[in-house]
């Protein structure tokens, strides 16, 4: 026993190998406390659940209340098991059922490690125990990392786990580069990958988006069809790639692009004729909505002068007038710089911003602004 105790309390042990407690908030309840005592002591238990040869005495009433769509029909209807004193379950492991049963009574259970969290969540969904499902799902959300994100999305695609899906997708959008470089990225379902690639909030350069797509395709056990390849490739915004060497070496020489050359040609045609399409539109990751702007807020103007100038020359979404670009060279000095908002104008959907490197203030539309991480330099 001593070695196990030392390993359990070793501060250098990996997080994933430590015991993990799953619990739900529950007010003190003398009735439930007495029910738990009766269960632990085996008093008035009227059914025994057998899993992998292990016997778990329990109360029909508790199982029916905690698992109304799975255990309740089995225990209280015309099912043959409803009259049996012993019921055998074959779809779950004994250790996971023990954890689930403990949670049904006490609203908490302890797993040997984080590795058991996903199997417990699958068990909760199978047994249809809402309280355990919610607690385990929340635990998975709190444990999400780029390395586990794709696997979580895959799991949520097969089970009714809307909270996990939303949280994992949000992480995948904000940390796409890390997620696409993980060992589990290939587990991402095609439809979910397409959703990410098409999303305006995807936080990645287009070169990174293309590299991620190539990694995903290269690790699929069964190569996607040509139609599916095209579905994914059409969401890469080729005209926004900045590295010409990368385009020549990685894009134009790619066998994937060669198989779908028309997609690349169409993307550059749209860019050349300045068509407003998903492939020519910049992603909005980090973009501040106009409604979130306020006087005194520190913001950063996008570093792409051509883009900023174009946005200033047009009435952006929600605006009736453009902010206007000044060609005297002073406004150009603000591109890529941090400044403080001094005034807002809804008709422009923009903000007047003061910068330390220029004496005047300039109007910029919200579409070129992001929150500044650090305050402007005082030098």
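For the reader, a short list of remarks on this structure follows.
- Across the stretch 148-272, Cα-Cα distances exceeding 20 Å account for 42% of all pairs.
- Nearest-ten-degree value, helix 94-106 long axis tilted from longest Cα axis of the chain: 90
- Overall form of the stretch 305-362 per C-alpha gyration tensor (a/c, 1.5; a/b vs b/c): oblate
- Residue with peak Gaussian network fluctuation, the chain [Cα springs, cutoff 10 Å], from 27, 356, 91: 27
- Exposure proxy ranking, count of Cβ atoms within 10 Å, fewest first, for 74, 104: 74, 104
- Degrees between helix 117-127 axis and first principal axis of the chain (Cα, 0 to 90, nearest 10): 60
- Using a cutoff of 8 angstrom between alpha carbon atoms and counting only pairs six or more residues apart, the relative contact order for the stretch 142-256 works out to 24 percent.
- Exposure proxy order (Cβ contacts within 10 Å, fewest to most) of 59, 158: 158, 59
- Residue with peak Gaussian network fluctuation, the chain [Cα springs, cutoff 10 Å], from 203, 45, 109: 45
- The residues 307, 31, 355, 185, when put in order of fewest to most other Cβ atoms within 10 Å, stand as 31, 307, 355, 185.
- For the chain, built as a Gaussian network whose Cα springs stay under 10 Å, the top-fluctuating residue of 58, 156, 204: 58
- The chain: angle of helix 130-142 to the longest principal axis, Cα-based, in degrees nearest 10: 40
- Gyration tensor (alpha-carbon) shape descriptor, the stretch 35-150, a/c threshold 1.5: prolate
- Over the residues of the chain, the helix contribution to mean residue ellipticity at 222 nm works out to -12000 deg cm²/dmol, using -39500 (n - 2.57) for each DSSP H run of at least 4.
- What the pair-distance distribution of the chain shows, using all Cα-Cα distances binned every 10 Å from zero, is 4, 17, 20, 19, 16, 12, 8, 3, 0 percent.
- Each label point was placed 7 Å from the Cα along the Cα-to-Cβ direction; for residue 41 and residue 284 their separation is 6.2 nm.
A short reminder: the numbers here are calculations on the coordinates, not readings from a lab. Being a predicted model, the structure only gives us computed values, none of them experimental. Counting neighbours? That spans all protein chains shown, and the Cβs are built from the backbone with ideal geometry, glycine included.
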